[in-house]
Amino acid sequence: MRVSGPEAVDYLQRMVSNDVEALDVGDVCDALLLTPKARVIATLRIWRRGEDDFLLLTEPELGGAVVNELRRMRFAAKCEVEAEDHTSEIVFGGDEGIPSDEYGVPAREVLDAGLQPTLTAEELERMRIEAGTPRFGSELDDRVLPAEAGLDETHVSFTKGCYPGQEPIARLHYRGHVNRRLQVLEVESAVAGDELTRDGKVMGRITSAVPGRALAYVRTEVPEGAELTLPTGSSARLLPAAARLH
C-alpha cells in the first residue's frame with residue numbers, strides 16, 4: 001500500500017505504533033496497525049521511498065483491511081492511500097531491496113525482479129520458525145496481544161506520540177505482564193493446535209511446526225530448557241532465546 005502526500009508523515013505517525021518521523025528517505029521500520037484496544041489489525045514494514053512517499057508491506061490477505069482502515073481514519077489529512085501490486089522475492093546476502101529480518105539471517109525483499117526461487121516454501125517456513133517470527137493467521141490474530149508475540153520489542157516505539165492502541169500497550173509495558181509468550185521449541189513431530197502439558201497441566205499450544213522445530217505460545221512460568229509433553233506422548237523442549245536464529 002502506498003501512503004503519499006504532504007501530510008503522509010503526520011498521518012502515519014498518528015496511526016501506527018512505531019516512529020515513522022524518525023525515518024530518513026530509504027529507511028525501513030516495522031510497525032503495527034492496531035485497534036483502540038491494542039488488538040492487531042496488521043503487522044507492517046514501512047519503507048520511506050521519498051520525503052512524502054511511503055510503501056507499507058503486510059501479509060497479502062491483510063492488504064484490503066489496511067487500506068480500508070487507513071482510508072476510514074484519514075478524515076481531512078492531505079494524503080492518499082492506494083493499493084499497489086508487486087511481486088516479491090526474498091534474497092539472502094544481497095544489498096538491494098527492502099531489509100528483512102524475518103528469517104534470522106540478513107535478507108532483502110526485492111520487488112518486481114522476476115527471480116527464480118532457490119529455496120522451497122517449506123525451507124523458508126523452517127527458517128521463520130527457527131527465527132521465532134510470528135505470522136498472521138498462525139501466531140497472530142485479533143486475540144493476541146503484541147507483547148505475547150514479542151512485537152513490543154520490534155514494532156513499537158515507547159517515546160513517540162499517540163496512536164490507536166497506545167494506552168493499553170504502554171500500560172502493559174510499564175505496569176503489567178503477559179501470561180504467555182511465543183517460544184521456539186525442539187520437537188520430534190507436532191502439528192498446529194497440539195496442546196503442551198507439564199505435570200498434567202496445559203502450559204501452551206503449538207501454532208506452527210516443521211519436523212524438529214515448532215512455535216508455540218507457552219506460559220511464562222515455564223523456564224527455558226524445560227520439557228513439555230505433546231498429545232502423542234513425545235517431548236518438546238523450550239529452546240533458550242540464544243539458540244534462536246533471530
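If you take the Cα centroid of segment 117-168 and the Cα centroid of segment 4-35, the two points sit 17 Å apart.
Whenever you get a sec, compute what percent of the accessible area on segment 144-246 sits on carbon and sulfur atoms (1.4 Å probe).
48 percent
With the convex hull of its Cα atoms as the shape, segment 23-113 has an orientation-averaged projected area of 6.8 nm². Shape summary of segment 127-178, radius of gyration then Dmax from alpha carbon positions: 12.0, 35 Å. Taking the empirical scaling 2.2 N^0.38 Å for compact globular proteins as reference, segment 82-218 has a Cα radius of gyration ratio of 1.22.
Given 0.36 nm per residue, what is the gain on full extension from Arg205 to Ala226 after removing their alpha carbon distance, in nm? Write out the running numbers ahead of the final one.
Working: separation 21, 0.36 × 21 = 7.56 nm, distance 1.49 nm.
Contour length minus Cα-Cα distance gives 6.1 nm.
Per residue, the accessible area of the chain comes to 52 Å² when a 1.4 Å probe rolls over the protein heavy atoms. Computed on the Cα trace of the chain, the radius of gyration divided by the Kirkwood hydrodynamic radius gives Rg/Rh = 0.99. Evaluated on segment 157-246, the Kirkwood hydrodynamic radius is 14.4 Å, with distances taken between all distinct Cα atoms. Remark: relative contact order (segment 26-135) = 16 percent; criterion is Cα-Cα distance under 8 angstrom and separation of 6 or more residues. Each label point was placed 7 Å from the Cα along the Cα-to-Cβ direction; for Glu167 and Ala22 their separation is 2.4 nm.
Calculate, in nm to one decimal, what Asp53 and Glu186 gain on full extension: separation in residues at 0.36 nm each, minus their alpha carbon distance.
Numbers: separation 133, 0.36 × 133 = 47.88 nm, distance 4.27 nm.
This chain segment gains 43.6 nm when fully extended.
Show log10 I(q)/I(0) for segment 1-50 at q = 0.15 Å⁻¹, two decimals, from a solvent-free Debye sum over equal Cα scatterers. Result of the Debye calculation: -0.37.
The values are calculated or read from the model by the stated rules, or taken from the named source; none is laboratory data. Computed from a predicted structure; not experimentally measured. No Cβ is skipped: glycine too gets one built from the backbone with ideal geometry, and neighbour counts run over all protein chains shown. Please note that ligands, DNA and RNA were not included when accessible areas were found on the heavy atoms of the full protein model with its side chains. Shrake-Rupley method; radii C 1.70, N 1.55, O 1.52, S 1.80 Å.
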